[in-house]
Amino acid sequence: MLRIADVSAEAVLLAGGARAILLQLANPVVARGVARHSDFATRPLDRLHGTLTYLYVIVYGTPEEIAEVARRVGAAHRPVRGEGYDARDVDAQLWVAATLYDSARQVHELVFDSHWDDTLLADYAIVGSTLGVPPARWPATQESFARYLSTAPLAVGDDARGVARALLQPSAGPWWLRAAMPTVRMLTAGLLSPALREAYDLPLDERRFDRWVRVARRVYPRLPAWIRHAPQRRYLRAFRG
């Protein structure tokens, strides 16, 4: 039986990171807050660093470290509020947590041919509850989670598309980040639903995506854990330092 500590350190889950962000932006409340307070265009790696630090610490950190990272994220969210949006809104936080779970699940199941059950879903409640989402709001079964996703009131507007462009076509950042973007866009298109691909105007190269999945399934699980879990070690070390 898989638990959250068994899967969260896998570096391959990063392949679903942009997909999770685009799902988050499809919630208009989240999109307004990010568009007005984020700096994707000038500091494209900051959100990634913050999210990964949070995820690794809440899963692998001590209770004191979990409380500290939750305090930091809460402090960063406090000023993100205005007409029609508030980063501390429980519904918005629940949606963000759900997109992180669903994107991690999709990539892990693709690469490992795994099955995420209700126990692992329950483990992931910590992603939202650490930031104040009542545990009772987290879906209890895979069926209820699927209903939550399918009934979410999503709408990709100008805010979402603008942030998505800054994320997927960065004009700043290190050279390697810009060089990686064609692959990131390809993976993101392959992991999104057809409706969201169309809304974000992301073309799908299906043959290339299928080839990536075949290679990842064949190669990644055979890599030693010290390679597969390198990002987790790096972010925990940086946080503790």
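With a probe of 1.4 Å, find how much accessible area the chain has per residue, and write the answer as a whole number in Å².
51
Let me know the charge dipole size of segment 119-241 about its Cα centre in debye, to the nearest 20, where only the beta-carbon of Lys, Arg (+1) and Asp, Glu (-1) is charged.
800
Express in nm, to one decimal, how much length is gained between ALA5 and ALA140 on full extension, taking 0.36 nm for each residue of separation and deducting their alpha carbon distance.
In short, 46.7 nm is gained.
So what is the relative contact order for the chain, in percent, with contacts set as C-alpha pairs under 8 Å and at least six apart?
Value for the chain: 34 percent.
Dipole size in debye (nearest 20) for segment 32-158 around its Cα centre, Lys and Arg Cβ +1, Asp and Glu Cβ -1?
Roughly 520 debye for segment 32-158.
Please report Rg (one decimal) and Dmax (integer) in Å for the Cα set of segment 73-211.
16.7, 45
Based on the inverse mean of 1/r over its pairs of different Cα atoms, what is the Kirkwood hydrodynamic radius of segment 1-90, in Å?
With all distinct Cα pairs of segment 1-90 included, I get 14.6 Å.
Using only helices, what value at 222 nm comes out for the chain when you add -39,500 (n - 2.57) per DSSP H run of length 4 or more and divide by the total residues, to the nearest 500 deg cm²/dmol?
Value at 222 nm, helices only: -20000 deg cm²/dmol.
Just grab the label-to-label distance for ALA75 and GLN169, each label 7 Å out from Cα along the Cβ direction, in nm (one decimal).
According to this spin-label approximation, the distance is 3.7 nm.
Can you report the principal axis dimensions of segment 176-241 using only the alpha carbons, biggest first, rounded to whole angstrom?
Rounded to whole Å, the extents work out to 42, 28, 22 Å.
Where the centre of each part is set by its Cα atoms, how far does segment 20-39 sit from segment 112-136, in angstrom?
So the separation of the two Cα centres works out to 22 Å.
Contact order normalised by length for segment 1-98, with contacts defined as Cα pairs under 8 Å and 6 or more residues apart; what percent is it?
35
Taking the Cα centre of the chain as origin, sum charge times position over the Cβ atoms of Lys and Arg (+1) and Asp and Glu (-1), and report the length of that vector in debye to the nearest 20.
I would put it at about 840 debye.
Please provide three numbers in whole Å: the alpha-carbon extents of segment 118-159 along the principal axes, with the largest listed first.
36, 24, 15
Using a 10 Å cut-off on Cβ atoms, rank the peptides 132-139, 218-225 from the highest mean neighbour count down.
Descending packing order for the listed peptides: 132-139, 218-225.
Considering only DSSP states other than H, G, I, E and B, which chymotrypsin sites (Phe, Trp or Tyr not before Pro) in segment 31-84 qualify as loop sites with at most 15 other Cβ atoms within 10 Å?
Passing sites in segment 31-84 do not exist.
I'd like to know which of LEU25, ALA125, LEU187 lies farthest towards the positive end of the charge dipole of the chain, counting +1 on Cβ of Lys and Arg and -1 on Cβ of Asp and Glu.
It is LEU187.
Quick check on packing: order 208-215, 31-38, 186-193, 46-53 by the mean number of other C-beta atoms within 10 Å, highest mean leading.
Descending packing order for the listed peptides: 186-193, 31-38, 46-53, 208-215.
The values are calculated or read from the model by the stated rules, or taken from the named source; none is laboratory data. Source: prediction; values computed, not measured. So basically every Cβ, Gly included, is an ideal-geometry build from the backbone, and we count neighbours across all protein chains shown. Surface accessibility is based on the protein's heavy atoms, side chains included, excluding ligands, DNA and RNA. Shrake-Rupley method; radii C 1.70, N 1.55, O 1.52, S 1.80 Å.
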